[in-house]
Amino acid sequence: MTEQNKGGRARGAGSGTRRKQRAGRRKAPVLISGAVAVLVLGGAALGYVYLKLDGNLQGVDINAQLGKERPDNVDNGSLDILVLGSDSRSGDNGAYGKDEGGARSDTAMVVHVYEGHKKASVVSIPRDTLITRPSCTDAQGAAVPGERRAMFNTAYEVGGPACAVKTVESMSGIRMDHYIEVDFTGFKKLIDELGGVEITTTKAIKDSKSHLDLAPGTHTLDGEQSLGLVRTRKSVGDGSDLGRIQLQQAFMKAFIEQVKGVGVLTDPTKLYGLADAATKAITPDSELDSVQKLMGFAKGLSGISAGNVHMVTMPVEYDPRDPNRVVPLDAQAQQVWKALKSDLPIPASATADTATGQADGLVR
């Protein structure tokens with residue numbers, strides 16, 4: 001099936017974008033699609049294992065669940081992707097805490113790839129942000145009422161991926177082209193298949209909850225350590241989720257550079273291992289739920305280096321009524337979303353004098 005945008009042009013399900021295609025190479029700077037970008041470059045040699053890899057992927061039909069009540073398609077050559085890290089404690093993820101009956105979005109990033117696909121901006125949304133959550137319909141078709149002063153990460157908990165997408169679209173006014181969900185255990189295995197990620201710490205990081213103990217200096221983190229780093233919170237900066245976001249953003253840049261340096265194209269065994277781990281690690285939207293579709297999305301995603309990725313946190317301040325929560329700085333947040341909607345750089349004024357978490361520069 002194809003979908004018609006405002007200009008009447010059809011969107012192919014395997015095209016990887018509803019916006020106009022550009023020649024050349026490009027790379028979506030996100031933890032998983034960065035790896036997928038590299039591993040599928042050699043996809044022509046993997047035809048005999050497509051069926052197995054396809055079996056690893058289970059897509060979510062966001063379009064069907066949300067219907068037509070969404071922001072307009074914008075045909076300006078850009079691309080927007082919502083990336084969520086789920087904190088479900090079911091199955092193998094039970095090692096990271098008790099399953100209390102529902103998963104929440106532990107990590108949320110809006111990735112905006114600019115026209116021409118040579119640079120990108122990433123906007124992290126703090127999971128503890130108090131927002132007005134819109135009414136949603138969950139995967140079983142049940143109505144979920146909206147709520148004022150709801151934590152952002154409850155959208156996923158009460159309504160699943162589609163509700164998370166609807167909440168982001170309601171906040172930003174930007175239609176998400178794609179959705180990618182990353183699983184704890186899958187993330188860890190993907191890093192191990194990659195051979196680890198090299199980072200440098202400027203101060204010691206020791207966190208009993210994430211089981212991380214790093215001295216100052218350069219480290220090659222394995223999957224378990226990488227997961228510990230992106231989950232570390234209480235022992236860095238001011239102990240808030242904002243500090244953890246700063247660690248996640250620094251790790252993501254290191255991950256991008258690591259992926260670009262892996263010689264998988266000359267090592268079929270390495271290529272298959274990464275492909276298997278990556279396809280098991282993610283739950284994509286239904287337009288990316290096969291190896292062929294992922295190839296259409298990611299084959300050329302290698303033109304953006306870490307230096308051309310601008311990372312910010314959605315402008316927030318600590319909630320006067322609850323210091324353990326944050327609330328959006330509406331005027332500045334709208335500056336961010338307006339810039340991305342217009343495919344423009346995020347102005348420095350949008351993130352000036354906002355709560356930061358005070359962990360910037362701890363990892364590089």
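Remind me, relative contact order of region 280-364 in percent, using alpha carbon pairs under 8 angstrom and six or more residues apart?
Numbers: 55 pairs, mean separation 17.9, N = 85.
Relative contact order of region 280-364: 21 percent.
Could you work out the equivalent-ellipsoid semi-axes for region 99-235, taking the square root of 5 times each eigenvalue of the Cα gyration tensor, largest first, in whole Å?
Details: eigenvalues 190, 73, 43 Å².
The three semi-axes for region 99-235 are 31, 19, 15 Å.
Could you tell me which of the pairs Lys119/Lys234; Lys52/Lys166; Lys260/Lys341; Lys52/Lys293; Lys209/Lys280 are separated by over 22 angstrom between their Cα atoms in the structure shown? It would help to have the intermediate numbers written out before the result.
Values: Lys119/Lys234 32 Å; Lys52/Lys166 32 Å; Lys260/Lys341 29 Å; Lys52/Lys293 15 Å; Lys209/Lys280 26 Å.
The answer is Lys119/Lys234; Lys52/Lys166; Lys260/Lys341; Lys209/Lys280.
With a 1.4 Å probe and every protein chain left in place, work out the accessible area per residue of region 166-242 in Å², rounded to a whole number. Display every interim value, and only then the final one.
Details: 2920 Å² over 77 residues.
Solvent-accessible surface per residue comes out at 38 Å².
Please report, as a whole percent, how much of the solvent-accessible surface of region 147-237 comes from carbon and sulfur atoms (probe radius 1.4 Å).
Values: 1570 of 3450 Å².
Carbon and sulfur atoms account for 45 percent of the accessible area of region 147-237.
Can you give the three extents of the C-alpha atoms in region 194-279 along their principal axes, from longest to shortest, in whole Å?
44, 25, 19
The values are calculated or read from the model by the stated rules, or taken from the named source; none is laboratory data. If you're wondering where the values come from, they're calculated on a predicted model, not measured in any experiment. Keep in mind that these areas ignore ligands, DNA and RNA; they rest on the heavy atoms of the full protein, side chains included. Shrake-Rupley method; radii C 1.70, N 1.55, O 1.52, S 1.80 Å.
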